[in-house]
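To keep things clear, I will list the structure first and then write my remarks on it.
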């Protein structure tokens, strides 16, 4: 059975999405490089949009928690490529840093925290994704990261404005 959102639900989710899209803390993510020429900002909003699209289709998800966690899952705010000591540990460490930053700057719920902490499973074996929201962010993050990794940095730079337009609204 295909699920849909009411206009009121769409408006509320869009309002929540927009509150992050132009937030001063979140805008810092534009400066954090990611997956061969992408950046944290575009990556995170792509993950959020795809998660919401899939969750609405399936139904039964806490869409607000899903949206917030998908946006904040990589909110670690450092460039691990510039620090040799972070290179080996980044994959398993950054969910914890992102979670601490999200708690400090956005006062997230324990459900959102669990989603952020588990988004790198199985690289973080102690943080198995328990909720269906966490499993979805884990899955979609892998999909988006793989696609970003396979595309050249030159292609991504050429299409950056297109990506920014694509993520400029949730629906």
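The values are calculated or read from the model by the stated rules, or taken from the named source; none is laboratory data. Quantities reported herein were computed from a predicted structural model and do not represent experimental measurements. Heads up, the Cβs are rebuilt from the backbone with ideal geometry, glycines too, and the neighbour counts pull from every protein chain shown.
Listed by first and then second residue, the pairs linking a residue in region 142-168 that is within 24 Å of residue 122 (Cα to Cα) to a residue that is modelled with pLDDT of 90 or more, with Cβ atoms under 8 Å apart and 6 or more places separating them unless they lie on different chains, are 143/50; 144/43; 144/46; 144/47; 144/50; 145/43; 148/43. Of all residues in region 130-168, those that are under 15 Å from the mean Cα position of the chain (by Cα) and part of a loop (DSSP other than H, G, I, E, B) total 2. Within region 56-68, residues that are at pLDDT 95 or above have Cβ atoms under 7 Å from residues that are surrounded by 13 or more Cβ atoms within 10 Å (Cβ to Cβ) and outside any helix (DSSP H, G or I) in these pairs: 56/5; 65/109; 68/108, counting only partners at least 6 apart in sequence or on another chain.
Okay, residues lined up against (1) in contact with a helix residue (DSSP H, G or I) (Cβ under 7 Å, 6 or more places away or on another chain); (2) surrounded by 20 or more Cβ atoms within 10 Å (Cβ to Cβ); (3) in a loop (DSSP other than H, G, I, E, B); (4) touching a residue at least 24 places away in the same chain (Cβ under 8 Å):
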site: 94; (1), (2), (3), (4): no, yes, no, yes
site: 97; (1), (2), (3), (4): no, no, no, no
site: 102; (1), (2), (3), (4): yes, yes, no, yes
site: 105; (1), (2), (3), (4): yes, no, no, yes
site: 112; (1), (2), (3), (4): yes, yes, no, yes
site: 116; (1), (2), (3), (4): yes, yes, no, yes
site: 122; (1), (2), (3), (4): no, no, yes, no
site: 125; (1), (2), (3), (4): no, no, yes, no
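Note on region 1-33: residues that are more than 25 Å from residue 131 (Cβ to Cβ) and either crowded, with 19+ Cβ neighbours inside 10 Å or touching a helix residue (DSSP H, G or I) at 6+ places or on another chain (Cβ under 9 Å) (or both) total 6.
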